[in-house]
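Notes for the one structure printed next.
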Amino acid sequence: MKQYDNQANRIRKEVLVRVARAFFSEELRAIDRIPIDMRPRSGESSRCCVYKDREVLKYRAMAALGFGVEDETDELTSLHEYYEKAQQRTCVKDIGLTVIDIACHACQKSRYVITDTCRGCLGRACQTNCPKDAIEIVNGRAVIDSGKCVDCGLCMKACPYNAVVRSPVPCEEICPVNAVSKDETGREIIDQEKCISCGQCTRACPFAAIQERSQMIDVLGRLKEDRPVVAMLAPSVIGQFPGNLEQIITALRRLGFDAVEEVATGADETARREAAEWKERIESGDAFMTTSCCPAYVEAVRKHIPEIGKFVSHTPSPMAISAGFVRETSPDAVTVFIGPCMAKRVEALQSSDVDYVLTFEELGAMLIAAGIDVQECEAAVIDEPAEAAGRGFAVSGGVTGAIQTQFADQENNLQPVGFDGLDKKALLQLKMAATRGCGGNFVEVMCCEGGCMSGPGVLSNPKTAARQLNALLKDS
Amino acid sequence: MDKIVDVEICTGTTCFVMGAGHLMSLAEELPERLKGSVSIRFARCLGVCSVPDNGRPPFATVNGALIENASVENLVAACDLLLSGEKGMNYETV
Ligand code: SF4
Ligand code: SF4
Ligand code: FES
């Protein structure tokens, strides 16, 4: 299971915290100082010099304010001007990921490289096995001619000294849909036509060069206004903060949210409707039905495997159902989904019921900046707690479990199959499932391996978070 | 005379968000050589996060000494140093 904690990611979080602090202190100039404060002239630099680091930090701060590198028309525009612009924004329009090009130049095209371990041996297995005649011996060592190399990797398999390694480009490697690639100048670009907004690349890049455009400033702005703001907490919130769910709810109220809803309640309703839909579909002769709660999967279907489209459930996701509940009871409320997911931003953009999407990281930054310690918060009373089944949506297998619960005391022929993580191989399998089936009739698909608890916006180790969730489910 | 090193990880909100959330499983991530010689505790806000001079969160203490920007790597290194007086890399050969 992936873990998203490294120094690059910590820097990204620190920028978010500093931007949120500037918001609370109403010190506009503090925002301009972020790059300088984080990289003082006397301190260390992580790149060639502090000045380049500062430039990168400026773009990170822009992303934290909701702007991409693409939005820069004049390099002189200062961070406080972006901040002022962000304050004027009334709705979210652009959610595309942004690549901070100056942070990204370091990776060479993914390729095979012959390392120092090469003995320049007599056998020359690499040369013999290369189908393109791309290997020469220079100064007693094998060298790959990149012009001829076709990336087949046969030399790597052949070398008895393991002298050949593959040096990947992490963001390209992780993208399940080949949406990231290099342009002529060597910087990575994201093809928005292909991208399913899963966010994996943002966490895989060791330079954190790919950033999401944050909606944090927008939400902070709404919290100051008179309209009620409702937080909708994803089921995967368990284990993402110190303290328990009841304390997290209080912390959100202290931040200024007028009400906090558990999206797990929406998930309970999703499970009820999805079970009914599944029964109906199978009875009418469908081979199988897949889940629809993971928006990255839904995007993948739309953009890459349309042949499976007709098998995807029409039941709205837990977020959509919860947001619908909120709209019914308080039509003028601003709705904010808070979860681990970047793809939810796409779903929210298409829905009129969800106004903003925050990640746990962004919420964390807001709490730090507001000086709210969750463990110091008193426990709120949850009027209508969600059922265990709905709370279980946070992990892979959870949706299946909830559907099974629906049929617990009924005769049924539910045959569940799960896709735990969407990678290139899983996509191919799903594509084939459209014609050949997939060995089951209820198919759960989660883009993130492990489920939403391993989503790109989490703050905890997925293993420990899952353990906490299990403990909670026992007494839900 | 087995020595035990005492590691205390701050799980105040600041530290937790900045990375301590990923350190909750430190016990499982310790290298074999350290298992059994490290006692891990989780603390409420250690109170050091409000002073910028203390460094970057997450904070932890190893036998009472403050570690800033705590990570599995630097906590393991600190434990190794205390247990053997050597850096982690050389421990196996000591
Ligand atoms: S967000 Fe996902 S789909 Fe889009 S470029 Fe990144 S890894 Fe690929
Ligand atoms: S598995 Fe969950 S967090 Fe990951 S993309 Fe799907 S809905 Fe989002
Ligand atoms: S939260 Fe760790 S020292 Fe305050």
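The values are calculated or read from the model by the stated rules, or taken from the named source; none is laboratory data. In this text, all values refer to a predicted model and were calculated from it rather than measured experimentally. All Cβ positions, glycine included, derive from the backbone under ideal geometry; neighbour counts span all protein chains shown. Surface accessibility is based on the protein's heavy atoms, side chains included, excluding ligands, DNA and RNA. Shrake-Rupley method; radii C 1.70, N 1.55, O 1.52, S 1.80 Å.
Rolling a 1.4 angstrom probe over the protein chains, ignoring ligands and nucleic acids, what is the accessible area of A:Val165 in square angstrom, nearest 10?
Taking all protein chains as shown, A:Val165 has close to 60 Å².
Which stretch or stretches of segment A:277-295 have amide N atoms under 19 Å from the point lying 7 Å from A:Lys310's Cα along the Cα→Cβ direction?
In segment A:277-295, the label zone of A:Lys310 (backbone N under 19 Å from the point 7 Å along Cα→Cβ) covers A:277-292.
Would you calculate, for chain A, the mean residue ellipticity at 222 nm contributed by helices, counting each DSSP H stretch of 4 or more residues as -39,500 (n - 2.57) and dividing by all residues, to the nearest 500?
Details: 20 runs with 198 residues, N = 476.
Rounded to the nearest 500, it is -12000 deg cm²/dmol.
Suppose accessible area is computed on protein heavy atoms with a 1.4 Å probe; arrange A:His304, A:His80 from highest to lowest.
Sorted descending by solvent-accessible area, the residues read A:His304, A:His80.
Please report, for the Cα atoms of segment A:111-167, the Rg to one decimal and the Dmax as a whole number; what are they, in angstrom?
Gyration radius and largest Cα-Cα distance of segment A:111-167: 9.7, 25 Å.
Under the 0.36 nm per residue contour assumption, what length would be gained going from the current alpha-carbon distance of A:Leu428 and A:Asp286 to full extension?
Between A:Leu428 and A:Asp286, full extension yields an extra 49.1 nm.
Relative to the Cα centre, what is the charge dipole magnitude of the protein assembly as shown, using +1 at the beta carbon of each Lys and Arg, -1 at the beta carbon of each Asp and Glu, and rounding to the nearest 20 debye?
1700
With r defined as the distance between the Cβ atoms of A:Glu26 and A:Ser167 and R0 fixed at 60 Å, what FRET efficiency is calculated, to the nearest 0.05?
0.80
Please give the total accessible area that chains A and B bury against each other, computed with a 1.4 Å probe and expressed in Å² to the nearest 100.
The A and B chains share an interface burying roughly 2100 Å².
Using Cα centres only, tell me the gap between segment A:274-350 and segment A:202-249 in whole Å.
Between the Cα centre of segment A:274-350 and that of segment A:202-249, the gap is 21 Å.
For A:His105, B:His22, what's the largest-to-smallest order of accessible area, 1.4 Å probe?
The ranking, largest first, comes out as A:His105, B:His22.
How far is it, in nm, from the label point at A:Lys148 to the one at B:Asn54 when both lie 7 Å from their Cα along the line to the Cβ?
Modelled inter-label distance: 6.1 nm.
Give the distance, in whole Å, between the Cα centre of segment A:351-386 and the Cα centre of segment A:149-194.
Between the Cα centre of segment A:351-386 and that of segment A:149-194, the gap is 39 Å.
Which far-off residues, 5 or more places away or on another chain, put their amide H under 5 Å from the one on A:Met232, with H placed in the peptide plane?
A:Glu261, A:Val336, A:Phe337, A:Ile338
Tell me the per residue accessible area of segment A:1-85 using a 1.4 Å probe; a whole number in Å² is fine.
Accessible area per residue, segment A:1-85: 49 Å².
I'd like the orientation of helix B:72-84 relative to chain B: the angle between its Cα long axis and the longest Cα principal axis, in ° from 0 to 90, rounded to 10.
In chain B, helix B:72-84 runs at an angle near 50 degrees to the longest axis.
Quick check on chain B: helices-only [θ] at 222 nm, where DSSP H runs of length 4 and up contribute -39,500 (n - 2.57) each and the sum goes over total residues. Nearest 500, please.
Calculated at 222 nm, the ellipticity per residue is -7000 deg cm²/dmol.
How far apart, in nanometres, would the label points at A:Ser42 and A:Arg89 be if each is projected 7 angstrom from Cα along the Cα-to-Cβ direction?
3.7
Show me the GluC sites (Glu not before Pro) within segment A:214-282 that DSSP assigns to loop and that have at most 15 other Cβ atoms within 10 Å of their Cβ.
Sparse-neighbourhood loop GluC sites (Glu not before Pro): A:Glu225.
Hey, could you grab the Kirkwood Rh for segment A:200-289? Inverse mean 1/r over distinct alpha carbon pairs, Å, one decimal.
The Cα-based Kirkwood calculation yields 16.7 Å.
How much of A:Cys107 can a 1.4 Å solvent probe reach, expressed as accessible area in Å² and rounded to 10?
Only protein atoms counted, so the area is about 40 Å².
Sequence-distant or interchain residues sharing an amide H contact under 5 Å with A:Phe419, placed H: which?
A:Glu444, A:Val445, A:Met446
Can you check how the C-alpha radius of gyration of chain A compares to 2.2 N^0.38 Å, as a plain ratio?
1.07
Taking only Cα atoms of segment A:167-214, what ratio of Rg to Rh do you get with Rh as the Kirkwood inverse-distance radius?
Radius of gyration over Kirkwood radius for segment A:167-214 works out to 0.92.
Evaluate the Debye formula for segment A:306-424 with equal point scatterers sitting on the alpha carbons, no solvent, and hand back log10 of I(q)/I(0) at q = 0.09, 0.12, 0.20 Å⁻¹, in q order, two decimals.
-0.36, -0.65, -1.46
List the GluC sites (Glu not before Pro) in segment A:351-401 that DSSP assigns to loop (not H, G, I, E or B) and whose Cβ has at most 13 other Cβ atoms within 10 Å. Which are they?
A:Glu378
Taking 22 Å as R0, compute the FRET efficiency from the Cβ-Cβ separation of B:Asp6 and B:Ser84 and round it to 0.05.
Working: r = 16 Å, r/R0 = 0.74.
Between B:Asp6 and B:Ser84 the formula returns 0.85.
Quote the accessible area belonging to A:Ile308 in square angstrom, nearest 10, computed with a 1.4 Å probe and with ligands, DNA and RNA left uncounted.
0
Kindly list the residues of segment A:285-327 that lie in the label zone of A:Asn413, defined by a backbone N under 19 Å from the point 7 Å along the Cα-to-C-beta vector.
A:285-290
Provide the FRET efficiency to the nearest 0.05 for the A:Arg253-A:Thr185 pair, computing r from the beta carbons and using R0 = 60 Å.
Efficiency computed from Cβ-Cβ geometry: 0.80.
Based on DSSP, what percent of beta bridges with both residues in the protein assembly as shown are antiparallel, to the nearest 5?
Close to 40 percent.
Leaving ligands and nucleic acids out of the surface, order A:Lys58, A:Lys182, A:Lys109, A:Lys431 by accessible area at 1.4 Å, largest first.
Result, largest first: A:Lys109, A:Lys431, A:Lys182, A:Lys58.
Can you give the direction-averaged projected area of the convex hull of the alpha-carbon atoms in chain B, in nm²?
Projected over every direction and averaged, the Cα hull of chain B covers 5.9 nm².
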